[in-house]
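Below you'll find the structure, written out as structure tokens, and then a few comments.
The values are calculated or read from the model by the stated rules, or taken from the named source; none is laboratory data. Nothing here was measured: the structure is a model prediction, and the numbers come from that model. Neighbour counts run over all protein chains shown; Cβ positions are idealised from the backbone, glycine included. In case anyone asks, the SASA skips ligands and DNA or RNA and just uses the protein heavy atoms, side chains included. Shrake-Rupley method; radii C 1.70, N 1.55, O 1.52, S 1.80 Å.
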Amino acid sequence: MRQCMDAENLHRRLKKIIGQVQAIDRMVDEDVPCEDILAQINAAKSALHSCGKIVLEGHIQHCVRDGIEHGDADKTIADFTLAVERFANMG
């Protein structure tokens with residue numbers, strides 16, 4: 001599956017998200033106001049959602065296209081539907 005996504009871009013983004021989550025963890029210990037912590041949690045969620053969009057886009061461009069052109073179109077559509085359902089449940 002690595003060939004269907006921009007792995008370098010994803011790794012870079014995920015490292016930033018890891019840093020965000022670690023910063024949120026420190027904020028809890030530093031008695032930062034709840035509103036500020038929630039804002040940072042929301043920012044991390046948004047960043048993860050962006051990563052999901054990158055993965056889904058790669059899935060469409062590579063896996064779905066290849067499956068329809070060279071494989072079993074019905075299975076490809078079923079797999080794509082599952083991927084969209086999983087992405088939609090990320091919220």
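Where the only charges are on Cβ atoms (+1 Lys, Arg; -1 Asp, Glu), what is the dipole of the chain about its Cα centre, to the nearest 20 debye?
Roughly 220 debye for the chain.
Just the number, please: carbon plus sulfur as a percent of the accessible area of the chain, 1.4 Å probe, no ligands or DNA/RNA counted.
55
Test of understanding: extend the Cα→C-beta vector of LEU82 to 7 Å, then name every residue of the stretch 32-68 with backbone N under 20 Å from that spot.
Those under the cut-off are 52-68.
Which one of SER46, THR76, PRO33 has its Cα pushed farthest toward the positive end of the charge dipole of the chain, where Lys and Arg give +1 and Asp and Glu give -1 at the Cβ?
THR76
Can you tell me the convex hull volume per residue for the chain, based on C-alpha atoms, in Å³ to the nearest whole number?
80
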